[in-house]
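Below: the structure, in structure tokens.
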Amino acid sequence: NKIIDASRELFIEQGYSATTMRQILGKTGLTTGSLYNFFENKENILKQIAAIYLVDTNTKIKSLVKDYDPILHYAIIIFFQLKASDTSPQLTDIWHNAYSLWAIADMICRNSAIRNREFFGSYNRELTDDDWYARSLAINGVLHNIILEQLNKGKVPLLERLRLVMQIAATLFNLPPGKIEPAIAKAVKIVNKDKLRLYEIGI
């Protein structure tokens, strides 16, 4: 936990790419042997942080939404990620690396496939596990490219990015078209009220 907390703080403060194992060692006060006993490299640390983030995000959102709606929940997940990356190049760098490193991207995709099946299974009873994985992979690919654009140009407006992801998700997961715009509007309202905060990330 000490390694995870220290690494997360450094990644948020200065980005994943700029953080070194030596800096993580210094912040934790651990010996080199102790650190490498738990994590072989920085990538493995980010993988664990990403796995924890997926769980913490879902738990936090469920606590905020009174009339629970999986489409709204999904919209909040996407909007929080996009808006947080807008506020910090360091967060953009973290997500870019998470999607670029295959071991992490695959883990995110497998977890997303399970979550998406839980959310949208009633609309897609015929889909197999491989189908859910492939569709989740496609969505994560879109998110990665949106984040890359933000990292390099940043010309696509935030709401346009959110709407694009939600429209693609609606197509891939057979979601009712009439529920997409209301979910977007509610997600923006919830996140903009600053009720959704994780690890002191301010947006």
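Structure shown: which of 27/62; 42/186; 66/155; 155/193; 2/186; 47/83 lie over 27 Å apart, alpha-carbon to alpha-carbon?
Those over the limit are 27/62; 42/186; 66/155; 2/186.
Which angle between 0 and 90 degrees, to the nearest 10, do you get for helix 2-14 versus the longest principal axis of the chain when only C-alpha atoms count?
So the helix axis and the longest Cα principal axis differ by about 70 degrees.
Kindly state, to the nearest 0.05, the FRET efficiency for residue 134 paired with residue 31, given R0 = 41 Å and r defined as their beta-carbon distance.
E(calc), rounded to 0.05, equals 0.40.
Residues with amide H under 5 Å of residue 173's amide H, sequence separation 5 or more or different chain, H placed in the peptide plane at 1.01 Å from N; which?
none
Rounded, prolate or oblate: pick one for the chain, where a ≥ b ≥ c are the square roots of the eigenvalues of its C-alpha gyration tensor, a/c under 1.5 means rounded, and failing that, prolate if a/b is larger than b/c, else oblate.
It comes out prolate by the Cα gyration axes.
Between residue 14 and residue 40, what FRET efficiency comes out of the Förster formula 1/(1 + (r/R0)^6) with R0 = 25 Å and r the beta carbon distance, rounded to 0.05?
0.70
Sum -39500 (n - 2.57) across every DSSP H segment of at least 4 residues in the chain, then divide by the residue count to get the 222 nm mean residue ellipticity, nearest 500.
-24500 deg cm²/dmol
Work out the length of the dipole vector of the chain about its Cα centre, built from +1 on the beta-carbon of each Lys and Arg and -1 on the beta-carbon of each Asp and Glu, and round it to the nearest 20 debye.
460
How far apart, in nm, are the 7 Å Cα→Cβ label points at residue 142 and residue 22?
My value for the distance between the label points is 4.3 nm.
Does anyone have the angle between helix 129-152 and the longest principal axis of the chain? Alpha-carbon axes, 0 to 90°, nearest 10?
It works out to around 70 degrees.
Given the whole protein assembly as supplied and a 1.4 Å probe, what does the accessible area of residue 59 come to in Å², nearest 10?
The accessible area comes out at roughly 90 Å².
The values are calculated or read from the model by the stated rules, or taken from the named source; none is laboratory data. Computed from a prediction, not measured in an experiment: that's the story for all the values here. Methodologically, a virtual Cβ is constructed for each residue, glycine included, from the backbone with ideal geometry; neighbour enumeration extends over all protein chains shown. Just the protein is used for accessible areas: all its heavy atoms, side chains included, with ligands, DNA and RNA removed. Shrake-Rupley method; radii C 1.70, N 1.55, O 1.52, S 1.80 Å.
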